[in-house]
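Encoded as structure tokens, the structure appears first; notes follow it.
Computed from the coordinates by the stated procedures, all read-outs in this text should not be read as laboratory data. Bear in mind that the values here come from a model prediction, so they are computed numbers and not experimental data. Here the Cβ positions follow ideal geometry from the backbone for every residue, glycine too, while neighbour counts run over all protein chains shown.
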């Protein structure tokens, strides 16, 4: 064995074992979304759509393929979507994990020209606040689906690395100065100077 071979072998022995790649501050995971379509008992719409589950990773399934059928109820694979994590959202992620049933929130637009069946997945998140922001418009279907264990483990690892507990700081009250009056102006109310002079 040459000297260079011996050196290379000793470096290999001393090298640390390969570990899992470190998590990034803005982690992303592809997840497949399963939507259920069932007949609507409604003269204004033919079908009702709702998310029923998510699949971690990017399954090798054709988008909008039927993955389950029971009479008139069908489950469609609505494609792969990106679940993204942000360090500022860790408090909300931890709140989600602490619930009885941790969830992934799926936002669906039921009258979309983007999808071949007139429906499209708009957003997936593990932050309840992000999902709630979509509820304000009223045009979307927002459903919680059970969080698969692989996503929960990934989320726990992420929060353990990036969650920072903010210390509560009590504000000190300022003493009232009778010379300055109240509120924004020197008048009799908090809304500005008094016009009564």
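Report, in whole Å, the centroid distance computed from the Cα atoms of segment 96-145 and segment 44-88.
Cα centroid to Cα centroid, the span is 12 Å.
What does the extension gain come out to for residue 135 and residue 70, with contour length at 0.36 nm per residue minus their alpha carbon separation?
20.4 nm
Under a crude label model (7 Å from the Cα following the beta-carbon direction), how far is residue 166 from residue 117 in nanometres?
4.1 nm
By how many nm would the segment from residue 50 to residue 153 grow when fully extended, if each residue of separation counts as 0.36 nm and the alpha-carbon distance is taken off?
So the chain would gain 34.5 nm between residue 50 and residue 153.
Extension gain residue 101-residue 23, at 0.36 nm per residue separation less the Cα-Cα distance, in nm?
25.6 nm
Can you give the three extents of the C-alpha atoms in segment 15-125 along their principal axes, from longest to shortest, in whole Å?
Result for segment 15-125: principal-axis Cα extents of 65, 30, 27 Å.
Taking the number of other C-beta atoms within 10 Å as the exposure measure, put 49, 64 in order starting with the fewest.
The order, fewest Cβ neighbours first, is 64, 49.
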